[in-house]
Each structure stands twice: as C-alpha cells, then as structure tokens.
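The values are calculated or read from the model by the stated rules, or taken from the named source; none is laboratory data. Keep in mind it's a predicted model, so treat the numbers as computed, not measured. We work out accessible area using only protein heavy atoms, side chains counted, and drop any ligands, DNA or RNA first. Shrake-Rupley method; radii C 1.70, N 1.55, O 1.52, S 1.80 Å.
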Amino acid sequence: IFTLHRVFVSSVEGARQRLERDAEAARARETELNGKIRLADEELATRRKQLDQLEQKMKGELEAEANKHREELIAKSRADAEEIITKAQSAAQAIRRDIEKQMEMRIIDHSVNVLGNVLTRRAKASLEKDLVEEFIEQLKSVDMSKISLDIRHADVVTCAPLADTDLRRISDVVKARTGRDISLSSKVDPGPLAGVIIQFGSLQLDGSLKTAIKDAAVALKADAERTYQKN
C-alpha cells in the first residue's frame, strides 16, 4: 500500500508539475500572442493613419486640380465670349459702314436725278449756251486721231436745236483737228439735259451735262468707297 501510495503521489505530483509547466508555457504563448496582436494593432493604426493622410493628400490634389481645371474653363469661356462679342461688334460696325456707304451712294444717285429734274427750261437754255461754248473750246485740243478714216459723217446731239453758226464752228474745229471734211448733222435729244455730243460711228465725244454730272457722281462714289475701305 505504501509503495502504491508513493507511486500514486509521484504520478500526481508529476502530472501537477506537467500541468504547471504546460500552463506556464500557455501563459508565455498567450503573452507572446498578446504582444504580437498589440504590435499588429499598432501597425494597423499606423497604416490606417498613413492611409488617412494619403487620402487627404489625394483629395487635396484632386480639389486643386479640379479648381485649376475649372479656372481654365472659366478663363477660356470668358476669352471665347469676348472674342464672340468682338466679332459681333466688328460685324455690326461693318454692316453699319456698308449701310452708310449704300445710303451715300443712293444719295449721290438721287442727287443726280434731282439735279436733272429741277433744271427749268430757261436754266437748261442758259446752260446749253455756256456748255456749247465750253465744248467748242475744249474740242480744239481734243485728239481725234482715233477717228476712223472711213467716217465721213457725224451727228451732233443737243437737248435743244443747235444754231447753224455753232454747228459751223464745230464743223470747222473737226476739220482742223482731223484734216478732212466730215459732214455734221444736228439732232435733238432731251436725254443729255444740256451740252453737246458728237457721234462718230461707235466713237463719241461727250460734252453733255448729264455725262458731267455722272462723272462727278462716279468720282464722289470712288472717294466714298476709298474712305470706307480705310475705315
């Protein structure tokens, strides 16, 4: 019995010691695991903090990039709007200038018509006399070398019957300038308003008031055109 008791007690003591050693090892492993868990938690917290910082940084960069892009879009939109406004203003000014030019041209044409309409018969007769004299004087210096040698006859057109003396004077000047006799016939046409037109076939010497007014109107239109082109 004593021997069995000693064996039993030894076995129990051994088992108790083994249990204590196992418990001590388990506590050591638990402590080690707790340490590893704590380190993992700390590392996780550090990583989480780094991620938060990275997220804030990326968010800030994205916001800055978005603001920059928005400012660029706003600036481009403003520039496009200003360009459109400038083009619209230029187009409006061009249209205004074109309207002004057209109105000025019409005023010139209307003035020519009015001038022809307001001339009374007495005024036309007075002008006719002066223009005939002026035409004869200018005819003395006209180059008639382009008149074909086949031309033997010409028409002298006036708005009122031409005096025989004036017709002879014109004939004498034509003969002196051409060196040959060209018969002249007097014709009446109210179209020229006043003055003289000599028709040598397809060639004519025009000293009519209507042509003078027309030439003056053409010169005025040319001046107006140059003025608007400069502006």
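Based on alpha carbons, the Rg and Dmax found for segment 27-74 are 20.4, 68 Å. For residue 159, nonlocal amide neighbours, meaning residues 5 or more places apart or on other chains whose placed amide H falls under 5 Å from its own, are 189, 195. Across the accessible surface of segment 127-202, with the other protein chains kept in place and a 1.4 Å probe, carbon and sulfur atoms take up 50 percent. Residues in segment 24-67 average 92 Å² of solvent-accessible surface per residue, probe 1.4 Å, ligands and nucleic acids excluded. Amide H contacts of residue 200 (H built 1.01 Å from N, in plane; Pro and chain starts excluded): 205 sit under 5 Å, all sequence-distant by 5 or more or on other chains.
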